[in-house]
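Following: one structure in structure tokens, then a few remarks.
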Amino acid sequence: MLMLLLALVGGCTNSSTSGPPGPPPVDGTFPTVDLGAGPERPLQLWLDPLRSQARFTLADSSLPADIKAPKKLEIDLAKHRKGRMATVPLPFALDGDARSRIGLEMTVTVGGRELRYASLGGGPFTWRIKGDDLVIQAPPSEKTATIQYAGTASLVKRRILSESGLSPSDFVVHDLTLDGHTRHGLVLPSPSTLAWDVILPAKSPRFRAFPSLDTPPFTDQHSDGMSVVLEVVDSGTVTEVSRKKLDRQAFSEWSAALDAWAGKAVTLQLRTEVEGSPDFDYAFLGSPTVSGDGGEAVRRVLVIGLDTTRPDHFGWYGYSRDTTPELDALANQSAVFTSAYTPAPRTRPSFRSATTGRNPLDAVGAKNIGAVFQEHGFATGGVVANIHLQPRFDFDEGFDTWQFFGKAEANEQVDRALSFFRANADRDAYMFLHFMDPHLRYGAPGPNRDVFVTDPDPDLPFAFDRQQVIGWERSGQLDDRRKAHITALYDGELRFTSREIGRLVDALDAMPGKTLVVVHSDHGEELWDHGGFEHNHTLYREVTNAVLWVRPPGGTAGGPVRSAQPATLADIAPTLYDFAGFEAVPPTDGISLRPFAEGAEPKPRDIGIAHLRYGLDRWAVVHDGKKYIVATGSGEEELYDLGADPTEHRDLSKSVDPTPWRQALAPAHPGLRAGMGWRITLSTRPGSSPLVLTLPSPASDADVLDPETLLAGGRANQAWGEVPRKTPPEVGTVALSPDGRTLTFTPGAKPDGVIWVLFEAPDAPSAKGTTLSTGEKPLDLSANGDGARYVGATGTRVEITPGFVVVPPPDEAARMAALSGDEPSSSDDSTTCQLCRLGYITGDACDVCEGSGEEPDEDPSLH
């Protein structure tokens, strides 16, 4: 089927009348959508008021006239106290994003003292959110607490059209998350009416939506029930087709056949109807569509994202264990790209690229593949199990339905995927399906867990995490036997995942229609190949070589196509658009792999890899058969011949001129600046006089290097609310003279760090002859090879090192904040513990999660 996504804009009026408005007339003012013009025309109407035209009359609000967002809430601690701790049910609704901002938007005061927000608890004067409760720790002598939550005002304003600051179209567009399941659709206060003119498909026209009552702003308020009504207006006659009673918060399917009007020009009308009191009557209609049967074979597109998956642990790639028989069979029907790379050794940047076709940083805010397929009329669904793929990071944009279950096993993910495809068996459908199983903690269910364990370590705990493995290594408990046992557990996860994917593919192949399958990984796993464990610490092959397969409908003719074409995850989007025949698509940074999947000869291409969170910040490029890696802070370089040294253990950087790879680095990473220059490592006292350098040749630019890039122990995870230990302004500020010959550094509050300097000339000048002064006083800057050094008696130190300099662009957290206008979010206690256990947050914040003090309840999404 070929379908078109439509939306509804314009023609809106506001109303607060008690009765339902009459049917909007078919007057030709708005375009009639032809849903039955044949396979070359749309066979689906998706209701989204931001992208097309329709008519609707909205009630201004369904809130009681006297409702007010309380500026302060008084709590009687005695009613909820147990010792020093009072556990109080939250009085207002919190979605995932609101939870992440709670530490920034809420204050709790006891006895005139504002308590400290501590996401994991601790201390007698703290508060936190635990599940749906507010937990306050204060001395028993304190009887009351006062809450001020800035979000209460927005909770109310969002539900009043005239006060929301939104256009009617934006007001109607809405999403709702219930028990990990997010749907996009419409919210309509009661009474409201929405209508659009259509020529229905000639065959099997049908309406479908997934309604629920919307979440009220406060937990002690609720609707007494309401109805949504579907009507057809045909030649002035209004016919009620179907009615749905809403009396609780739960998605339920609502569908109605429109065969009586097949092929006819009619007005379809959705109306909300009051039953009893109108208070809090807000109907949410998830994924509302009108579709039909175009007589064409149904097209299914399935993209499988494998978390933490190494290709070299697949049987198909030559691994000694039979870990992936079902996946190997799928590879034998696919184009397998053996020179595929992930753009980062961690989840979010890689999946951003994989789901948008953009490089990881430019992918922030970019249109999702799901949105493109939705615009071309496909039903779209996502099923994910990694905390970084939650709706708060916008991965769900463009999907009719998005399900996040962080504790999901592969069999549960497959069941959800099959449910989606079976529910849309008569429609074109696109799904992104994510498997978390190979990620820590390794523990496949049933016999798969120990299937490859041949010499078990009797002292290995049944469940363990990264912090424990690091602790064993430091204490000498991580011997070869334990490493082998852990590796076998990882392989058992692959075995289980392979079996379940095989079940899924077999079921889809048995359904009528055509199925295109793409399989990819987001990154691999370090299993001590270079001495380390887990991922997100290095840029070596074990974490950056990617699974990337394309199986066309029916499979590749004559067996697998093994392509050496250099590929990356940004290629997935243009490849899918090419196979689907889409022409109106957003820009991508990748290329279509379809020609190479069909046997075209590989073409040379550079691939960029970077975006580490832990370990020293590094940037890499694969160019001319070699991988080049450079450290941001130190300039240390590595170079590996991927043909002669595929495991990347023989560094050639000292014996091969790195110039070609240096020149290839920046073009492979949009926004990265690189060239010959200086690193100036310095330390001085806060408040001391500015340091002035007279440069030997003009500099084009200079500034303080982000101190986070210098940390070997990991950068602050600002997207989850971690605060950097030091920011560039705290180190100081840098100013260049107009002629670029004088650099002035003004110390900040924490004035030790690194300054980068890029010169106009192609080569970095020697530091010999450079002068250093503070005000009028010259300092003795002595030669140190091509560099220079100064060590002062009062604690000031300066060292200049010429070499290749890389200047990172603004990172993901900065781009997210700029896009939303928000500060980085905080995380609640259970989310923080989950991040700790997965290794995404480290350090003191994780002590409680490891059993030190009170341990919060395990988050239901913890895998």
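The values are calculated or read from the model by the stated rules, or taken from the named source; none is laboratory data. The structure displayed is predicted, hence computed values, not measured ones. Cβ: placed from backbone, ideal geometry, glycine included. Neighbour counts: every protein chain shown. Keep in mind that these areas ignore ligands, DNA and RNA; they rest on the heavy atoms of the full protein, side chains included. Shrake-Rupley method; radii C 1.70, N 1.55, O 1.52, S 1.80 Å.
Across region 648-667, the number of residues qualifying as within 30 Å of the chain's Cα centre (by Cα) and open to solvent by 20 Å² or more (accessible area, probe 1.4 Å) comes to 2. State whether the residues of region 292-303 include one that is more than 35 Å from the chain's Cα centre (by Cα) and not in a loop (DSSP other than H, G, I, E, B). No: region 292-303 contains no residue that is more than 35 Å from the chain's Cα centre (by Cα) and not in a loop (DSSP other than H, G, I, E, B). Selection of region 613-647 for residues being open to solvent by less than 50 Å² (accessible area, probe 1.4 Å) and over 32 Å from the mean Cα position of the chain (by Cα) yields 641, 645. Looking at residue 60 and the list (1) among the acidic types (Asp, Glu); (2) over 27 Å from residue 180 (Cα atoms); (3) modelled with pLDDT under 85, which single condition is not satisfied? Looking at each condition in turn, residue 60 falls short on (3).
For residue 152, indicate whether it is of a type in the set (Ser, Thr, Tyr) and assigned to a strand (DSSP E or B). No; evaluated as a whole, the condition is false for this residue. Of all the listed residues (429, 408, 417, 444), the sole one being buried (at least 20 other Cβ atoms within 10 Å of the Cβ) and under 20 Å from residue 346 (Cα atoms) is 408.
Which residue, of 392, 358, is modelled with pLDDT of 95 or more and open to solvent by 10 Å² or more (accessible area, probe 1.4 Å)? Break it down stepwise before answering.
Numbers: 392 fails: modelled with pLDDT of 95 or more.
Residue meeting the stated conditions: 358.
In the set (1) closer than 18 Å to residue 690 by Cβ; (2) small (Gly, Ala, Ser); (3) in contact with a Gly (Cβ under 7 Å, 6 or more places away or on another chain), residue 775 fails one condition alone, (3).
Applying a threshold of 6 Å to beta carbon distances and a minimum spacing of six or more residues, or different chains, the list of pairs starting in region 474-501 at a residue that is without any contact (Cβ under 8 Å) to a residue 12 or more places away in the chain and ending at one that is part of a helix (DSSP H, G or I) and not hydroxyl-bearing (Ser, Thr, Tyr) reads 478/472. In region 54-77, which residues are surrounded by fewer than 19 Cβ atoms within 10 Å (Cβ to Cβ) and β-branched (Val, Ile, Thr)? Listed by number, the list holds a single entry, 67. Of the residues making up region 319-365, those that are closer than 16 Å to residue 549 by Cα and of a type in the set (Asp, Glu) number 2.
Could you please let me know if residue 157 is open to solvent by 30 Å² or more (accessible area, probe 1.4 Å), under 19 Å from residue 93 (Cα atoms), modelled with pLDDT under 85 and basic (Lys, Arg)? So that I can check it myself, show each step before the final result.
Values: open to solvent by 30 Å² or more (accessible area, probe 1.4 Å): yes; under 19 Å from residue 93 (Cα atoms): yes; modelled with pLDDT under 85: no; basic (Lys, Arg): yes.
Against the criterion (open to solvent by 30 Å² or more (accessible area, probe 1.4 Å), under 19 Å from residue 93 (Cα atoms), modelled with pLDDT under 85 and basic (Lys, Arg)), residue 157 does not qualify.
Of all the criteria given as (1) touching a Phe, Trp or Tyr at 6+ places or on another chain (Cβ under 8 Å); (2) open to solvent by 50 Å² or more (accessible area, probe 1.4 Å), the one not satisfied by residue 141 is (1).
When region 699-727 is filtered for residues that are open to solvent by less than 40 Å² (accessible area, probe 1.4 Å) and modelled with pLDDT of 95 or more, the ones remaining, listed by number, are 699, 702, 704, 705.
To keep it simple, each residue is scored yes or no on (1) surrounded by 14 or more Cβ atoms within 10 Å (Cβ to Cβ); (2) over 22 Å from residue 672 (Cα atoms); (3) modelled with pLDDT of 95 or more.
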| residue | (1), (2), (3) |
| --- | --- |
| 757 | yes, no, yes |
| 779 | yes, yes, no |
| 784 | yes, yes, no |
| 817 | yes, no, no |
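If you go through region 524-560 and pick out every residue that is within 25 Å of the chain's Cα centre (by Cα) and open to solvent by less than 10 Å² (accessible area, probe 1.4 Å), you end up with 15. Of the residues 284, 251, the single one that is in a loop (DSSP other than H, G, I, E, B), modelled with pLDDT of 95 or more and not basic (Lys, Arg) is 251.
In the set (1) among the aliphatic types (A, V, I, L, M); (2) outside any loop (DSSP other than H, G, I, E, B); (3) without any contact (Cβ under 8 Å) to a residue 60 or more places away in the chain, residue 469 fails one condition alone, (3).
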